[in-house]
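Down below is the structure, laid out as structure tokens.
The values are calculated or read from the model by the stated rules, or taken from the named source; none is laboratory data. Everything numeric here is computed off the predicted structure, so don't read it as measured data. Counting neighbours? That spans all protein chains shown, and the Cβs are built from the backbone with ideal geometry, glycine included.
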Amino acid sequence: MYTMQLRGINLLKIRGVQVVIDYSWFVIFLLVVFSMAESYFPRTEKSYSTPEYWLMGIVAALLLFLSVLAHELAHSLVAMGQGMRVLSIRLFIFGGVAQVSSEPRSGRHEFLIALAGPATSMALACIFGSVYLVLWMGGWLRPVAAVAGYLATANGLLAFFNMIPGFPLDGGRILRAILWDRWNDLTRATKTASRIGNGFALVLILFGAVLLFFTQALVAGLWFIFIGLFMKQSAVGSYQAAVLKEALKGVQVRQIMTENVVSVDWLTSLDELIRDYVYRHHLSSFPVLDREEFVGMVSLADIRPVPKELWGFKQVRDVMTAADRVLSLRPGDDATEALTRMVAADVGRMPVLEDGRLVGIVSRRDIMNLFKIKSDLGLT
Ligand SMILES: [Zn+2]
């Protein structure tokens, strides 16, 4: 079984929120340092040496990183102030994402959460801008002024770009919040806002293609295309999630779970497990029982590290994920919630327990099938 994996470096915790730097973020960091040191600063500030330009570039990139972090922290703190749980802040190649454990309670709540980020970036732009102006007018500390000037522009652009009203950008969230408040229908608001987000993503991709084919700006062109593709994917994902949520509304786990569960006794050898269960049932994970008691789950991922020669000697209980570490559902849980949890934990099947007893199992495929049937019948 897998637990949620964050691909990157766990940097620090701020008020219980884990800050994660995705490996892809280093690409943007190097790109910023390089373009600052080799092109931007030498053009704007002429009289310095190469090491000085590189130092300025590194300082600018680090402060840009802190600016993006401040933007995401602002979203997170407002969300936490409303009683929501923020799991992590993740910085990656296109900026930052704050992962929140649930949806905001109302349009008004979401409005404030979404606005906090761009407002922070705008405030930072003003602060860096003032520093720049004061130093520039006094003619002091020219390199510091140059870095401040760059950060004022970058934060201003960050605020501006994020305020574009296409979901999942902040501006799109603000739009969704307003529509949600007006229509009192989150699904409909999400659909509209993500449609606009999708449209905006297409504009970015087109713009990137124009840059790529008609100008010399190769990097910028590719950049816009990738950002556009990324946004398009998120917008389409949000749209589908909204449709799915609507279809699964009011459906409980007990209605979609399989009750005749194929389970494995915990003393079964791995050989038997493969031969009599995995091959026969074409499933990749099984609940494990000790007589009637649910004691864990065993999956192919648990068996894989064990050398094949040992399969006859090892038993399921030696490799299984013990019950206390298994994520499970209850019969009364919401189907949408079940799907969300399975996707987050990256598992295909989740056991359903009632008072510690195994009563069924839910697979992602079951949920998606139900969705397909409903949409084939025109019920969504
Ligand atoms: Zn934001």
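Values computed for the structure shown
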item	result
Subset of the range 94-110 [crowded, with 16+ Cβ neighbours inside 10 Å and away from the ligand (no atom under 13 Å from the Cβ)]	Pro104, Gly107, His109
Residue in the range 362-380 that is modelled with the lowest pLDDT, counting only those that are surrounded by 19 or more Cβ atoms within 10 Å (Cβ to Cβ) and part of a helix (DSSP H, G or I)	Phe371
Residue check for Ser35: hydroxyl-bearing (Ser, Thr, Tyr), within 16 Å of the ligand (Cβ to nearest atom) and in a helix (DSSP H, G or I)	no
The range 244-260: number of residues that are outside any loop (DSSP other than H, G, I, E, B) and buried (at least 16 other Cβ atoms within 10 Å of the Cβ)	8
Odd one out for Phe226, checked against (1) outside any loop (DSSP other than H, G, I, E, B); (2) assigned by TED's automatic domain parsing to the domain that holds Phe286	(2)
Close pairs (9 angstrom Cβ cut-off, 6 or more residues apart or separate chains): in the same structural domain as Val147 (by TED's automatic domain parsing) in the range 31-48, part of a loop (DSSP other than H, G, I, E, B) anywhere	Phe41/Tyr48; Pro42/Tyr48
Which listed residue, of Ile164, Ile174, is in contact with an Asp or Glu (Cβ under 9 Å, 6 or more places away or on another chain), surrounded by fewer than 18 Cβ atoms within 10 Å (Cβ to Cβ) and in the same structural domain as Val97 (by TED's automatic domain parsing)	Ile164
Residue check, Leu329 surrounded by 16 or more Cβ atoms within 10 Å (Cβ to Cβ), modelled with pLDDT of 85 or more and closer than 21 Å to Val264 by Cα	yes
Matching option when the condition is within 13 Å of the ligand (Cβ to nearest atom), assigned to a strand (DSSP E or B), at pLDDT below 90 and in contact with a strand residue (DSSP E or B) (Cβ under 8 Å, 6 or more places away or on another chain), among Leu158, Leu91	Leu91
Residue within the range 66-85 that is buried (at least 19 other Cβ atoms within 10 Å of the Cβ), within 16 Å of the ligand (Cβ to nearest atom), at pLDDT 80 or above and not in a helix (DSSP H, G or I) present	no
Residue match in the range 42-50 (condition: part of a helix (DSSP H, G or I) and either in contact with a strand residue (DSSP E or B) (Cβ under 8 Å, 6 or more places away or on another chain) or crowded, with 22+ Cβ neighbours inside 10 Å (or both))	no
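For (1) more than 20 Å from Ala241 (Cα to Cα); (2) in a helix (DSSP H, G or I); (3) away from the ligand (no atom under 16 Å from the Cβ), each residue gets a yes or a no:
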position: Ile127; (1), (2), (3): yes, yes, yes
position: Ser130; (1), (2), (3): yes, yes, yes
position: Ala152; (1), (2), (3): yes, yes, yes
position: Ile164; (1), (2), (3): yes, no, no
position: Pro168; (1), (2), (3): no, no, no
position: Gly197; (1), (2), (3): no, yes, no
